Structures are given as structure tokens and as C-alpha cells.
Amino acid sequence: MKRIIILLLSIAPYFIFAQGAPKTSIDWVSLAEAENFSEKYNKNILIYFYRDNCDYCMRMKKEVLSDPQIVKLINENFFPVMINGKSKKPIIYNGTKYINDVSIEEDPNSTWRHNLFFDLVTPTKKNFYWPTIVIINGKHEKQRQFAGFQSKPQLTRNLNKIKES
């Protein structure tokens, strides 16, 4: 009995302090889950479009999307989804199947942009920038987009504007 008490007392601090630790990662969900939850709870979807081998995408994930304040802001106010904007995998969104339709015959190694990215992202000065964040409401209406790398202050300010509206 004495050993059990000592064991419980020795491990209790790990549980107590672990609960107060700030979260360091975003609770990413699938697009289907986000759509379902967004409609059900009237909460916006945040889609983070990235591409492989994109320095700004990797930098934003590492420096901005891992910041405890940003993580808290996103997790509490959005259903976050991370999508590779050059993926070849089909994606179902709002009942429509989206693909990356650059044919294999045209370019066997093609990784042009996914049609969902093309449909949701508006070009900025006639160009597409990586990464891009798109905010969508529960009615599948695009609210805003943030093209390119967003610093912590920029992203905080932009997401707070959406949260307050």
C-alpha cells in the first residue's frame, strides 16, 4: 500500500503540469470532417494550401503554425485543414470531386496545381502564391484568403479580424 501511494505521488506532477502546458500543434482534420463540423457548429474552415519543397510553406509551418498563440487561435476558432495544393489525389468538397487534371500524357511528372486550389484561391496580381490560407464558412462561402507567407503578427491580425466578424 505504501508503494502504491509513493508511486502515485511520484507520477502525479507529470499529469498536473501536462494539463497546463500550451499546445504546440494544430488539430488538423480532414476536409470532410471540417465540412461536417463547420455546418453543424457554424464555425469557419481554415484551409492551409502548401506544396512540397516550398521554402515559404515549410518556414510558415515551422515558425508560425507552431507558435502556441497561433495554435490556440486556430484550434479554438476554426476547423483547420492542411492540403497539398499540388497533390494528385482526388478531393471531395461540397459534393464535387476535384482532381489535379494535368494529364499524364501531357507531363508524366506533372504536379501542377490541384483543381480545388484553383477553384478556391483567387490569383493575387495574376499569380498564385504558396502557401495560401483560405477561410470558408459553414455554407461553403469563401470569406477570405491570405496569399503567401504570413508572419505571426500578420496571421494573428488577419485571423482575429475574421473571428470578430
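Residues in the stretch 110-140 that are in contact with a strand residue (DSSP E or B) (Cβ under 6 Å, 6 or more places away or on another chain), under 11 Å from Ile99 (Cβ atoms) and not hydrophobic (A, V, I, L, M, F, W, C): Asn115 only. Which of the residues belonging to the stretch 20-43 are touching a residue at least 24 places away in the same chain (Cβ under 8 Å), surrounded by 12 or more Cβ atoms within 10 Å (Cβ to Cβ) and assigned to a helix (DSSP H, G or I)? Matches in the stretch 20-43: Leu31, Ala32, Glu33, Ala34, Glu35, Phe37, Ser38, Glu39. Scan the stretch 94-101 and give yes if some residue there is aromatic (Phe, Trp, Tyr), over 26 Å from Phe37 (Cβ atoms) and either touching a strand residue (DSSP E or B) at 6+ places or on another chain (Cβ under 6 Å) or buried (at least 16 other Cβ atoms within 10 Å of the Cβ) (or both), otherwise no. Scanning the stretch 94-101, I find no residue that is aromatic (Phe, Trp, Tyr), over 26 Å from Phe37 (Cβ atoms) and either touching a strand residue (DSSP E or B) at 6+ places or on another chain (Cβ under 6 Å) or buried (at least 16 other Cβ atoms within 10 Å of the Cβ) (or both), so the answer is no. Scanning the stretch 130-157 for residues that are more than 14 Å from Tyr93 (Cα to Cα) and polar (S, T, N, Q) gives Thr132, Gln143, Gln145, Gln150, Ser151, Gln154, Thr156.
Residue-by-condition table, conditions (1) at pLDDT below 95; (2) touching a Pro at 6+ places or on another chain (Cβ under 7 Å); (3) part of a helix (DSSP H, G or I):
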site	(1), (2), (3)
Glu105	yes, no, no
Asn109	yes, no, no
Phe118	yes, no, yes
Tyr129	yes, no, no
Ile133	no, no, no
Gly138	yes, no, no
Arg144	no, no, no
Leu155	no, no, yes
Leu159	no, no, yes
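Just to be sure before I move on: is Ile47 among the β-branched types (Val, Ile, Thr), at negative phi and in a strand (DSSP E or B) in the structure I sent? Spelling it out, Ile47 is indeed among the β-branched types (Val, Ile, Thr), at negative phi and in a strand (DSSP E or B). Can you name the condition, by its number, that Phe128 falls short on among (1) farther than 17 Å from Leu31 by Cα; (2) in contact (Cβ under 8 Å) with a residue 24 or more places away in the chain; (3) of a type in the set (A, V, I, L, M, F, W, C)? Looking at each condition in turn, Phe128 falls short on (2).
Every condition in (1) modelled with pLDDT of 95 or more; (2) within 23 Å of Val134 (Cβ to Cβ); (3) surrounded by 10 or more Cβ atoms within 10 Å (Cβ to Cβ) is met by Asp55 except one, and the failing one is (3).
The values are calculated or read from the model by the stated rules, or taken from the named source; none is laboratory data. Quick caveat, the model's predicted, so the values are computed rather than measured. Please note: Cβ atoms are built from the backbone with ideal geometry, for glycine as well, and neighbour counts cover all protein chains shown.
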